[in-house]
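K.L.:
One structure is given below, represented as structure tokens, and several questions about it will come after.
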Amino acid sequence: MLFMVCIKIFVMPSFIITGGPGSGKSTLLNALEASGFQTIPEVSRELIRAEVGAGGMCLPWIDLPCFARKCLEKMQADFLAISTTEPVFFDRGLPDIIAYLNVGKITVDPTLLEVCSTHRYNTNVFIAPPWEEIYVNDDERWQTFAEACTLYKAIKVAYTTLGYRLTELPKVSAAERADFIIKQIAG
């Protein structure tokens, strides 16, 4: 297993696009996918839809530790399923879970820290800043804009603490953001 992880660390160029809720990450991933890149959608939206559909209680606003465990399982599986040497873009990465738990004042399980240390993405992480003009709530995005800003700050701390280098995305169209990222990873 360690051998597999090492190969992914040094061969697979997996890039994270992160940031607070409603900062244009998913739209950007759609633009990158339209440009021919493989993308991995945000896990939490999928899990929230499934949990609400099943009438369950493992939701971030009801039981954050339970929800974090489900996110960890799915994100780890997504990470391990990638087997390409071409760039892959993830809508959020494992360190995002740490940020959400920290904001929720929930103790971070040592297992999560271990997984974050063994499942490494590209060191350069793209972070979308809070952007009130495009922020909207929906069925899976329940946070206020102020809460999204707080999460953004916690995400920055989580990634830098784990040794990632953050590149803030400009507040421009999704196509322009995609071009910005493509130029960054090509250089």
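The values are calculated or read from the model by the stated rules, or taken from the named source; none is laboratory data. Quantities reported herein were computed from a predicted structural model and do not represent experimental measurements. Positions of Cβ are generated from backbone atoms using ideal geometry, with glycine treated the same way; all protein chains shown enter the neighbour counts.
K.L.:
Being modelled with pLDDT under 95 and either touching a His at 6+ places or on another chain (Cβ under 8 Å) or part of a loop (DSSP other than H, G, I, E, B) (or both) is the requirement here; does GLU147 meet it?
P.N.:
No: the conditions fail for GLU147.
K.L.:
Quick check on LYS70: is it free of Cβ contacts under 8 Å to residues at least 12 places away in the same chain and among the basic types (Lys, Arg)?
P.N.:
In short, no.
K.L.:
While we're looking at this one, here's another question. Out of PRO21, PRO41, which single residue is out of contact with any Gly (no Cβ under 9 Å at 6 or more places or on another chain), at pLDDT below 90 and closer than 22 Å to LEU169 by Cα? Quick ask: steps written out before the conclusion?
P.N.:
Details: PRO41 fails: at pLDDT below 90.
None of the others qualify; the one that does is PRO21.
K.L.:
Give the range 108-123 a look and list any residue that's surrounded by fewer than 16 Cβ atoms within 10 Å (Cβ to Cβ) and of a type in the set (Asp, Glu), or say none.
P.N.:
Listed by number, the list holds a single entry, GLU114.
K.L.:
PRO170 is checked against (1) touching an Asp or Glu at 6+ places or on another chain (Cβ under 8 Å); (2) surrounded by 15 or more Cβ atoms within 10 Å (Cβ to Cβ); (3) not hydrophobic (A, V, I, L, M, F, W, C) and fails just one. What number does that condition carry?
P.N.:
(2)
K.L.:
Let me ask you something else. Taking the stated definitions as given, is PRO65 in contact with a Phe, Trp or Tyr (Cβ under 7 Å, 6 or more places away or on another chain) and farther than 17 Å from VAL157 by Cα? Lay out the reasoning, then the answer.
P.N.:
Values: in contact with a Phe, Trp or Tyr (Cβ under 7 Å, 6 or more places away or on another chain): no; farther than 17 Å from VAL157 by Cα: yes.
Here the answer is no, as PRO65 does not meet what is asked.
K.L.:
Given ILE127, ILE106, ILE82, which one is farther than 17 Å from LYS25 by Cβ and touching a strand residue (DSSP E or B) at 6+ places or on another chain (Cβ under 8 Å)?
P.N.:
ILE82
K.L.:
If you don't mind, there's one more thing I want to ask. So, LEU80, is that one farther than 21 Å from PRO110 by Cα and either loosely packed, with under 15 Cβ neighbours inside 10 Å or within 15 Å of the chain's Cα centre (by Cα) (or both) or not?
P.N.:
Numbers: farther than 21 Å from PRO110 by Cα: no; either loosely packed, with under 15 Cβ neighbours inside 10 Å or within 15 Å of the chain's Cα centre (by Cα) (or both): yes.
Answer is no for this residue.
K.L.:
Six or more apart or on different chains, Cβ under 9 Å: which pairs go from a residue in the range 158-187 that's in contact (Cβ under 8 Å) with a residue 40 or more places away in the chain to one that's part of a loop (DSSP other than H, G, I, E, B) and of a type in the set (Asp, Glu)? Could you list them?
P.N.:
As it stands, the answer is LYS171/GLU133, since those pairs meet every condition given.
K.L.:
Scan the range 40-95 residue by residue and report those that are closer than 13 Å to TYR121 by Cβ and among the small types (Gly, Ala, Ser).
P.N.:
Scanning the range 40-95 gives a single hit, GLY93.
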